[in-house]
1. Provide the percentage of antiparallel DSSP beta bridges, counting only those with both residues in the chain; round to the nearest 5.
2. Have a look at Pro158, Pro320, Pro202 and tell me which one the Gaussian network model of the chain (Cα, springs below 10 Å) gives the largest fluctuation.
3. What is the diffusion coefficient of the range 1-160 in µm²/s, taking the Kirkwood radius over Cα pairs and the Stokes-Einstein relation at 25 °C with a viscosity of 0.890 mPa s?
4. Pairs of alpha-carbon atoms within less than 8 angstrom and 6+ residues apart define the contacts here; what relative contact order does the range 201-311 have, in percent?
5. Using DSSP to call loops (not H, G, I, E or B), can you name the trypsin sites (Lys or Arg not before Pro) in the range 39-89 whose Cβ has at most 15 other Cβ atoms within 10 angstrom?
6. If you take the C-alpha gyration tensor of the range 195-304, multiply each eigenvalue by 5 and take the square root, what semi-axes do you get, largest first, in whole Å?
7. Please report how far the C-alpha centroid of the range 219-282 lies from that of the range 156-213, rounded to the nearest whole angstrom.
8. FRET efficiency for Asn56 and His123, Cβ-Cβ distance as r, R0 = 51 Å, nearest 0.05?
Amino acid sequence: MRNDMSGDVILVTGGAGFIGSAVVRHLVGDCGAGVVNVDALTYAADLRNLASIERNAHYHFEQVDICAAAEIDRVFKSHRPAAVLHLAAESHVDRSIDDPLLFVRTNVLGTATLLQTAHRYWHGLASPQKERFRFHHVSTDEVFGSLGATGSFHETTPYQPNSPYAASKAGADHLVRAWHQTYGLPTLISNCSNNYGPHQFPEKLIPLMTINALEGRAMPIYGRGENIRDWLYVDDHAKALSMILRYGQIGACYNVGGHNEMRNIDVATTICDLVDEMAEPLANGKKRRDLITFVADRPGHDERYAIDARKIGDELNWRPGEDFTSGLRKTVAWYLANANWWQPMRTAATQRLGLPG
């Protein structure tokens, strides 16, 4: 992959989702790359996330399920990508507990289907296109399991997934490694911490807490809210992914984190204070912190995640641009200003909004 991506065509799977749409906007708007967005448009995908670039001549959309081998093959033959950024996945832990086989289908079978097609396509390329081709799989820190009070996840941390979602992503990671080791496919893997920012489907913790705080609804927190996550602003993640694609070492893995460890309860109380500051007060005169409600813990709920992102910093000179204070303020302000984006989702029959992810 050359350093300058202008003129290249990047096939992005899941490009209408939360992280995927941020990646597409960055590649088209900031890097000058051509993008083919392959997305099945399941419940959490929304083409409105791409309104800013949807008329750009370098952007193309294909509504395709990554498990549909014939259609994936057609997309490769038609668009001739220089690289693949694979983000398409089922991603909500609660939903994986409800329907684990759906996660196995999309995250494991879908990844295998995509790898098989990419390998055939790559094998048939002539030089120098064959030397430049990359397959970058985007994964999660949840594959590593749960940390205690100290320590961080490294690229060499053994896998120990504890939810069906995490297990399905771990399976996908292993398949990508296998296609590199067995077939020589030039792959990259990145494992990221919890993303947040605008356009995130409102079943996840930060948008759910923000919207419920705004509307004066109960704000459910698992257990006592002591679970700790590292938070990564989505636009910072998008920039990291493009840098890995351009400069990353073939066959390598890179951890991407925001250096922002926070307890869930602290995230919720900070959101309450921001909404109290930015929005109209509640009619009953209460503070939003009074809305926080502790509920029975999720089965297999990991205690703590923390990413050691020194490798991507040292090798690729990437650093997050947002700290949690600035990023969360931007995020809460966006949800308060864009009710027209999230309100239709509040009544969708397919959503699960009762508990945070």
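1. Numbers: 3 of 39 bridges.
Percent antiparallel among DSSP bridges in the chain is about 10.
2. Of Pro158, Pro320, Pro202, the Gaussian network model singles out Pro158 as fluctuating most.
3. Details: Rh = 16.7 Å.
After rounding, the answer is 147 µm²/s.
4. Numbers: 135 pairs, mean separation 48.1, N = 111.
Relative CO of the range 201-311 lands at 43 percent.
5. On the way: sites: Arg48, Arg55, Arg74, Lys77; in loops: Arg55.
For trypsin sites (Lys or Arg not before Pro) across the range 39-89 that sit outside H, G, I, E and B with at most 15 neighbouring Cβ atoms in 10 Å, the list reads Arg55.
6. Those come to 32, 17, 10 Å.
7. The distance from the Cα centre of the range 219-282 to that of the range 156-213 comes to 14 Å.
8. On the way: r = 31 Å, r/R0 = 0.61.
Rounded to the nearest 0.05, the efficiency is 0.95.
Throughout, read-outs are computed from the coordinates displayed, never taken from laboratory work. This is a predicted model, so every value here is computed, not measured. Don't worry about glycine lacking a Cβ; one is built from the backbone with ideal geometry, like all the others, and counts go over all protein chains shown.
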